[in-house]
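Structure record follows, encoded as structure tokens.
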Number of protein chains: 2
Amino acid sequence: MSLLVVGSVAFDAVETPFGKCEKMLGGSTSHFSISASYFTKVRIVGVVGGDFGNDEQKVFDAHGIDTTDLERIAEGNTFRWRGRYDYDLNVAHTLETQLNVFANFKPKLSEEAKRSRLVFLGNIQPELQREVREQVKGAELVALDTMNLWIETTRSSLQKAIETVHLLVINDAEARQLTEEPVLIKAARKILSWGPRSVIVKRGEYGAAMFTQDSYFAIPAYPLESVFDPTGAGDTFAGGLMGYLDSQEKLDDAAMRRAMIFGSVMASFNVEEFGTQRVERLTHNEINDRFHAFKTFTHFEELPFVRA
Amino acid sequence: MSLLVVGSVAFDAVETPFGKCEKMLGGSTSHFSISASYFTKVRIVGVVGGDFGNDEQKVFDAHGIDTTDLERIAEGNTFRWRGRYDYDLNVAHTLETQLNVFANFKPKLSEEAKRSRLVFLGNIQPELQREVREQVKGAELVALDTMNLWIETTRSSLQKAIETVHLLVINDAEARQLTEEPVLIKAARKILSWGPRSVIVKRGEYGAAMFTQDSYFAIPAYPLESVFDPTGAGDTFAGGLMGYLDSQEKLDDAAMRRAMIFGSVMASFNVEEFGTQRVERLTHNEINDRFHAFKTFTHFEELPFVRA
């Protein structure tokens, strides 16, 4: 099976109350693909500069990630982001953004990429997402991520992009902002009315929820003692979700539910260390252990009340 | 079996973006006992004034609630609260509080009340909670609720009260405030170290979580299209929780988990109409239907990932 992700590859510099890291592999594509690589074969479409070296390439190689469609512009620099988190680790404060080669990014898909079974359109301009979507007409499931910037600046183009995909993955504040609906279930229903057959809403420390025309599924988050660096948690979630789905023959509701758990498991590891560090060295046992923990801490017996 | 609740009985006046109600039965004891009455026999300890009439008494009577220990001060008035909710229904704005007879409330327990199997110490001054706790030494499970006012004004007395109970029911902002621990799991662990064997944290639209020394359980909330009036949701949750527990012979982890679901079910009904209106006319079928819905929207198959 085959999974394609399109988005940013970046160097991140992050400060948190617990430490700082000057330069680490980041961007939606990196977090997504490393996470997904535990479940399936991933191919990435993105762009990097001459400063993207062997150390970074080795990370992708070690996870069997196909970088054939990763464009390299030797005379340019890779996208850089610098951010800070205070004690409220839910809010990233952007200190500096250097788009560099990412400023003129035009995703170029090889013929093989165009035949991918599953596609994740990472958080880039909606017009680019639509251009990619056009080229993967045969994909069984196309998912899209976005952010407040595109909701605020390119809302109608974003809505058109959403109309063309099967699944929207979005955080709860963005879902409300996008639909101007404060009640989440109404926000989700509005998005479903535009075209997607599923909406997955990420709620950070409160878990995630999935809405379809005829079903609803909600899970709490894995309980963490400490969140060290939340950068990339959303893309790591999406990577686990889509990676797991691509490992399954049937993309039915039951598979989607398990995929949400695996996505949550991967995100829970991601935030424990800087950048992709923790997720880079996971084992399948560690992943399955947390999957099992999810079952343990959400299970209850279905015994209706009967008056004595 | 027998369940005792101590707390306020009030007349509430509430304005929401969807309507207003000038005078309705409220207070922690009312919400709690009506909710609990669907599962067990409840006895209330509280105080009302001469303005507490037949209409209010009939509500308690209709639910088989034992009001023998409800003190009546004919020459005084019942506690009154007036509040407003804006579109963010999570935040209650208090417009007016008239403590009236509640200002000098001293809970008086009959001999029968003192022999209750389960006791809920509703949100009143911690010193009064401790006085009641002293009188129900043989209770199998004593639970305590509180609010930010007591955390801010009587913290050490509150902590002493918490030390004496089996279960603390608290909302998440209060748990963090009480322990000065931003990470919920650490806040819960601190509270457990004071004495309680369980802490249940209410998270509003995000559900609820239960922490014990050796287990964790978390559930999302019932997905609601509209929240009409959130007043009393926390007490209604506690009423379903404690009422269900009192209907069970064994108060083990499995019963506690089911009790949290029943508590959430009752709270989900509570917010659909003003005050206690919706909960007053529930059927056991409606309650069990939502219990079943919880199973449906949280269920997933436990299939570990196996690489193909």
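The values are calculated or read from the model by the stated rules, or taken from the named source; none is laboratory data. Worth saying up front: this structure is predicted, and the values here are computed from it rather than measured. Here the Cβ positions follow ideal geometry from the backbone for every residue, glycine too, while neighbour counts run over all protein chains shown. Protein only, heavy atoms only, side chains kept; ligands, DNA and RNA dropped before computing areas. Shrake-Rupley method; radii C 1.70, N 1.55, O 1.52, S 1.80 Å.
I'd like the distance between the alpha-carbon centres of the range A:161-236 and the range A:74-133, rounded to an integer number of Å.
20
Mind grabbing the interface size between A and B? I mean buried accessible area, both sides, 1.4 Å probe, in Å² to the nearest hundred.
On the way: alone 14340 and 14320 Å², together 24260 Å².
The buried area between A and B, both sides summed, comes to about 4400 Å².
Taking only protein heavy atoms and a 1.4 Å probe, what accessible area per residue, in Å², does the protein assembly as shown have with all protein chains in place? Please report the intermediate quantities before stating the final value.
Values: 24260 Å² over 616 residues.
Here the residues of the protein assembly as shown average 39 Å² of exposed surface.
Report, by chain and number, residues whose modeled amide H sits under 5 Å from the one on B:Gly49, excluding near sequence neighbours (fewer than 5 apart, same chain).
B:Ile73, B:Thr78, B:Phe79
Probe radius 1.4 Å, ligands and nucleic acids ignored: give me the carbon and sulfur share of the accessible area of the range A:3-297 as a rounded percent.
Numbers: 5360 of 11170 Å².
Taking all protein chains in place, the range A:3-297 shows 48 percent carbon and sulfur surface.
Calculated FRET efficiency, B:Ile185 and B:Glu127, Cβ-Cβ r, R0 22 Å, to nearest 0.05? Mind dumping the intermediate values first?
On the way: r = 30 Å, r/R0 = 1.36.
Calculated value: 0.15.
Please list, in order along the range A:231-240, the HN-Hα scalar couplings obtained from phi with the Karplus expression 6.51 cos²θ - 1.76 cosθ + 1.60 (θ = phi - 60°), rounded to whole Hz, x for Gly and Pro.
Karplus-based 3J(HN,Hα) across the range A:231-240 equals 3, x, 4, x, 6, 5, 4, 4, x, x Hz.
How would you rank B:6-13, A:199-206, B:62-69, highest first, on the average number of other Cβ atoms within 10 Å across their residues? Working shown, then result.
On the way: B:6-13: 25.9, A:199-206: 22.5, B:62-69: 16.2.
Descending packing order for the listed peptides: B:6-13, A:199-206, B:62-69.
Quick check on the range B:24-100: take the gyration tensor over C-alpha atoms, sort the square-rooted eigenvalues as a ≥ b ≥ c, and tell me if it's rounded (a/c under 1.5), prolate or oblate.
Values: a/c = 2.51, a/b = 1.29, b/c = 1.94.
Oblate, because a/c is 1.5 or more while a/b does not exceed b/c.
Taking just the C-alpha trace of the range A:3-297, give me its Rg and Dmax in Å.
17.6, 52
Can you give the % of DSSP beta bridges in chain B that are antiparallel, to the nearest 5? Walk me through the intermediate numbers first.
On the way: 21 of 52 bridges.
Antiparallel bridges: around 40 percent, rounded to the nearest 5.
Test of understanding: in a Gaussian network model of chain A with alpha carbons linked when under 10 Å, which of A:Gly19, A:Gly49, A:Gly195 would top the mean-square fluctuation ranking?
Of A:Gly19, A:Gly49, A:Gly195, the most mobile in the Gaussian network model is A:Gly19.
Determine, from the Cβ-Cβ distance of A:Asp51 and B:Ala92 and an R0 of 60 Å, the FRET efficiency 1/(1 + (r/R0)^6), rounded to the nearest 0.05.
On the way: r = 54 Å, r/R0 = 0.89.
My answer for the efficiency is 0.65.
Taking the Cα centre of chain A as the origin and placing charges on Cβ (Lys, Arg +1; Asp, Glu -1), which of A:Val271, A:Ala218, A:Gly232 is farthest toward the positive end of the dipole?
Going by the charge dipole, the pick is A:Ala218.
Any chance you could look up the accessible area of A:Lys160 with a 1.4 Å probe, heavy atoms only, rounded to 10 Å²?
100
Could you pull out the GluC sites (Glu not before Pro) across the range A:23-105 that fall in loop regions by DSSP (anything but H, G, I, E, B) with no more than 16 other Cβ atoms inside 10 Å?
Values: sites: A:Glu56, A:Glu71, A:Glu75, A:Glu96; in loops: A:Glu75.
Here the GluC sites (Glu not before Pro) that fit, given the DSSP loop and packing criteria, are A:Glu75.
What list of ³J(HN,Hα) couplings, whole Hz, do you get for the range A:56-67 from phi and the Karplus terms 6.51, -1.76, 1.60, once you set θ to phi - 60° and write x for glycine and proline?
Coupling constants for the range A:56-67: 6, 4, 4, 4, 4, 4, 4, 9, x, 7, 7, 9 Hz.
Would you work out the relative contact order for the range B:3-297, in percent, from Cα pairs under 8 angstrom that are 6 or more residues apart? Don't skip to the end; give the middle numbers.
Details: 629 pairs, mean separation 53.9, N = 295.
In percent, rounded to a whole number, it is 18.
Can you give me the long-range amide H partners of A:Leu141? Hydrogens built in the peptide plane at 1.01 Å from N, cutoff under 5 Å, separation of 5 or more residues or another chain.
Close amide H contacts, sequence-distant or interchain: A:Val119.
Have a look at A:His292, A:His284, A:His31 and tell me which one the Gaussian network model of chain A (Cα, springs below 10 Å) gives the largest fluctuation.
Per the Cα network of chain A with a 10 Å cutoff, A:His284 tops the list.
In angstroms, what radius of gyration and Dmax does the protein assembly as shown have, counting Cα atoms only?
That works out to 26.7, 88 Å for Rg and Dmax.
Using a Gaussian network for chain A with springs between C-alpha atoms less than 10 Å apart, which of these wobbles most: A:Ala293, A:Ala175, A:Ala188?
Of the options given, A:Ala293 has the highest mean-square fluctuation.
Using the Kirkwood formula over every pair of different C-alpha atoms, what hydrodynamic radius in Å results for the range A:6-47?
Working: mean 1/r = 0.0885 Å⁻¹.
Kirkwood hydrodynamic radius for the range A:6-47: 11.3 Å.
Taking the Cα centre as origin and putting +1 on Lys and Arg beta-carbons and -1 on Asp and Glu beta-carbons, what dipole magnitude results for the range A:214-298, to the nearest 20 debye? Mind showing how you got there, number by number?
Details: 7 positive and 13 negative charges, 37 e Å.
Once rounded to the nearest 20, the dipole reads 180 debye.
Only loop residues by DSSP count here, and only those with at most 16 other Cβ atoms within 10 Å; note down the trypsin sites (Lys or Arg not before Pro) in the range A:204-287 that meet that. Can you show the working numbers first?
Numbers: sites: A:Lys250, A:Arg257, A:Arg258, A:Arg278, A:Arg281; in loops: A:Lys250, A:Arg281.
Sparse-neighbourhood loop trypsin sites (Lys or Arg not before Pro): A:Lys250, A:Arg281.
Specify which residue in the list A:Phe79, A:Gly53, A:Thr68 is farthest towards the positive end of the charge dipole of the range A:44-107, using unit charges on the beta carbon of Lys, Arg (+1) and Asp, Glu (-1), about the Cα centre.
A:Phe79
Based on the Cβ-Cβ distance of B:Ala293 and B:Glu75, what FRET efficiency does E = 1/(1 + (r/R0)^6) give at R0 = 45 Å, to the nearest 0.05? Present the calculation step by step, with values, prior to reporting the outcome.
On the way: r = 48 Å, r/R0 = 1.07.
My answer for the efficiency is 0.40.
Apply the Karplus parameterisation 6.51 cos²θ - 1.76 cosθ + 1.60, with θ equal to phi minus 60°, to every residue of the range A:293-308 and state each ³J(HN,Hα) to the nearest whole Hz, in sequence, with x for glycine and proline.
Residue by residue, the range A:293-308 yields 4, 4, 5, 4, 8, 10, 7, 8, 6, 8, 10, x, 6, 10, 5, 5 Hz.
What lysines could a cross-link reach from B:Lys58, if we take a straight Cα to Cα line under 29 Å and drop same-chain neighbours fewer than 8 places away?
B:Lys20, B:Lys23, B:Lys41, B:Lys106, B:Lys108, B:Lys114
Give me the lysines in straight-line cross-link reach of B:Lys190: C-alpha distance below 21 Å, same-chain residues under 8 apart excluded.
Cross-link targets: B:Lys160, B:Lys202.
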